[in-house]
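Report on the following structure.
The values are calculated or read from the model by the stated rules, or taken from the named source; none is laboratory data. These figures come from a predicted structure and were not determined experimentally. All Cβ positions, even for glycine, are placed from backbone atoms using ideal geometry, and neighbour counts span all protein chains on display. The area values use the complete protein model at the heavy-atom level, side chains included, leaving out ligands, DNA and RNA. Shrake-Rupley method; radii C 1.70, N 1.55, O 1.52, S 1.80 Å.
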Amino acid sequence: QVQLVESGGGLVQTGGSLRLSCAASGRTFDSYAMGWFRQAPGKEREFVATISWDGGRRYYADSVKGRFIVSRDNAKNTASLQMNTLKPEDTAVYYCAAGLNPSTMSIGYEYWGQGTQVTVSS
């Protein structure tokens, strides 16, 4: 099994930045693609970003492209999501996930973190 723990969530003003981290343990981290998803109250979970096992491929949802950057450090068993120019509509619980291949679909991921709250104030 892979255990994932998100951190770095919090309250930020519109236009601000926040960096989320996902610490992995339990199995070989660098064998997995990492995905980020979010879920706002009353809405379905949606794809945010993903990165391949070697960092060579990155994909972003249109809503965050140009503002968010996904990265990973396999030596530290850590994935990150740098969020810039934050908007109120970015408010959600953010989850990191691990899967065999980068995917925009949640079904493609086997392991999930507990989530961390991100709130963007107006």
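Residues Asp73, Asp54: which one is within 28 Å of Gly15 (Cα to Cα) and either without any contact (Cβ under 8 Å) to a residue 12 or more places away in the chain or among the charged types (D, E, K, R) (or both)? Steps first, please.
Numbers: Asp54 fails: within 28 Å of Gly15 (Cα to Cα).
Of the residues listed, the single one that is within 28 Å of Gly15 (Cα to Cα) and either without any contact (Cβ under 8 Å) to a residue 12 or more places away in the chain or among the charged types (D, E, K, R) (or both) is Asp73.
Could you please let me know if Arg19 is open to solvent by less than 30 Å² (accessible area, probe 1.4 Å), under 17 Å from Val118 (Cβ atoms) and touching a strand residue (DSSP E or B) at 6+ places or on another chain (Cβ under 9 Å)? Spelling it out, it is not the case that Arg19 is open to solvent by less than 30 Å² (accessible area, probe 1.4 Å), under 17 Å from Val118 (Cβ atoms) and touching a strand residue (DSSP E or B) at 6+ places or on another chain (Cβ under 9 Å). Of the residues making up region 75-101, those that are more than 15 Å from Val5 (Cα to Cα), open to solvent by 30 Å² or more (accessible area, probe 1.4 Å) and not acidic (Asp, Glu) are Ala75, Gln82, Asn84, Thr85, Lys87, Pro88, Thr91, Leu100, Asn101.
From the set of residues in region 1-15 that are surrounded by fewer than 14 Cβ atoms within 10 Å (Cβ to Cβ) and over 15 Å from the mean Cα position of the chain (by Cα), which is modelled with the lowest pLDDT? For region 1-15, the residue satisfying everything is Gln1.
For Val64, are the conditions met, namely being among the hydrophobic types (A, V, I, L, M, F, W, C), open to solvent by less than 70 Å² (accessible area, probe 1.4 Å) and not in a loop (DSSP other than H, G, I, E, B)? No: the conditions fail for Val64. In this structure, Arg38 does not satisfy being open to solvent by 70 Å² or more (accessible area, probe 1.4 Å) and under 11 Å from the mean Cα position of the chain (by Cα). Looking only at region 45-56, decide whether some residue is among the charged types (D, E, K, R), farther than 20 Å from Gln117 by Cβ, open to solvent by 30 Å² or more (accessible area, probe 1.4 Å) and modelled with pLDDT under 95. There is at least one residue in region 45-56 that is among the charged types (D, E, K, R), farther than 20 Å from Gln117 by Cβ, open to solvent by 30 Å² or more (accessible area, probe 1.4 Å) and modelled with pLDDT under 95. Residues that are under 14 Å from the mean Cα position of the chain (by Cα) and closer than 17 Å to Gln114 by Cα within region 22-35 comprise Cys22, Ala23, Ala24, Met34, Gly35, listed in sequence order.
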